[in-house]
Amino acid sequence: MHALHEVLQRIDNAAARAGRPPPRLLAVAKTRPATAIAELAAALRQAQPGRTPAIGENYVQEARTRQAELRDPGLEWHLIGHLQGNKAAAAASAFDWVQTLDRPALVAALARHRPAQRPPLNVLIQVDIDAEASKHGCRPGQIAALAAAIAAEPRLCLRGLMAIPAPWPDPQRRRAAFSRMRVLFDALVLQYPQADTLSMGMSGDLELAIAEGATLVRVGTALFGARGGSRSSRLP
Ligand SMILES: *Cc1c(COP(=O)(O)O)cnc(C)c1O
């Protein structure tokens, strides 16, 4: 898969420039068909043998539908969309990771509904790093209390932080947001050494995020093409 190799090359180059290990790649499925995801998972297994392909979904129900279609137990599923309280129970069983935990009410709900036979649910605290009133995510000052609540739940595993910075056209402003996330992440790790994941960077800015220490990048468009069209239709 040509697009996958391009993305992996971009990740490797950025990591080499930053002098950091390459971050994990989360393939963001959005509305792409199950066949496209199956194809990508196969290509990922070839490109990164021994690693579990990670798939990101914005909605709980879409993930469940897709899981039923794919019937591939060897995938890792991440929720990256806003989680409504009434979907917490479903999310706790449908996903391996929830990247969008941003308020105390979700902590107990996810913990209570994590199926007993599954390992603890991996969670990231979503941070509203640009203080956009319209955005989901907690304020930086709320991270400590949320982290303590998560750490007190044996059915949850606190793995780190996630952010979707404002899409500033100016790359320096975006990079500054990633840099602030890195500072928050470093502070979290001091207290919770098991936290190993800083999820930031998408198709358009993964290099900037990696330069600031992203350990997981979430990529949709650069892997699958623009939504609703094929990738090749965008190429000259
Ligand atoms: C859609 C989405 C992505 C991927 O964005 P692309 O620009 O298509 O790579 C990453 N993170 C979140 C939270 C998303 O909703």
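The values are calculated or read from the model by the stated rules, or taken from the named source; none is laboratory data. The shown structure was predicted, so the numbers you read here are calculated from the model rather than taken from an experiment. No Cβ is skipped: glycine too gets one built from the backbone with ideal geometry, and neighbour counts run over all protein chains shown.
Details
- Restricting the first member to segment 11-29 and to residues that are within 30 Å of E69 (Cβ to Cβ), and the second to residues that are part of a loop (DSSP other than H, G, I, E, B) and within 16 Å of the ligand (Cβ to nearest atom), the beta-carbon pairs closer than 6 Å and six or more apart or on different chains are P23/A214; P23/T215; V28/G220.
- Close Cβ contacts (under 9 Å, 6 or more residues apart or on different chains) running from residues in segment 166-178 that are basic (K, R) to residues that are at pLDDT below 95 and surrounded by fewer than 12 Cβ atoms within 10 Å (Cβ to Cβ) comprise R174/P167.
- Matching residues, segment 58-83, being basic (K, R) and either over 20 Å from A42 (Cβ atoms) or under 13 Å from the mean Cα position of the chain (by Cα) (or both): R64
- No other residue among R45, R71, R64, R32 is more than 26 Å from C138 (Cβ to Cβ) and touching a Phe, Trp or Tyr at 6+ places or on another chain (Cβ under 7 Å) apart from R32.
- For segment 126-137, the set of residues classified as touching a residue at least 40 places away in the same chain (Cβ under 8 Å) and crowded, with 16+ Cβ neighbours inside 10 Å consists of V127, I129, D130, listed by residue number.
- Options A43, A16, A34, A27: the member that is in contact with a Leu (Cβ under 7 Å, 6 or more places away or on another chain), among the aliphatic types (A, V, I, L, M) and either within 27 Å of F178 (Cβ to Cβ) or within 13 Å of the ligand (Cβ to nearest atom) (or both): A27
- Leading residue by the ranking (farthest from the ligand (Cβ to nearest atom)) among those in segment 193-207 that are surrounded by 17 or more Cβ atoms within 10 Å (Cβ to Cβ) and under 14 Å from R159 (Cα atoms): A195
- Condition met for A147 (within 24 Å of A18 (Cα to Cα), away from the ligand (no atom under 14 Å from the Cβ) and over 16 Å from the mean Cα position of the chain (by Cα)): no
- Those residues of segment 52-94 which are without any contact (Cβ under 8 Å) to a residue 12 or more places away in the chain and among the basic types (K, R), in sequence order: R71
- Residue check, P119 touching a strand residue (DSSP E or B) at 6+ places or on another chain (Cβ under 9 Å) and more than 25 Å from E212 (Cβ to Cβ): yes
- Identification of strands (runs of 3 or more DSSP E) wholly contained in segment 117-236 with 2 or more residues that are over 26 Å from I11 (Cα atoms) yields 156-163.
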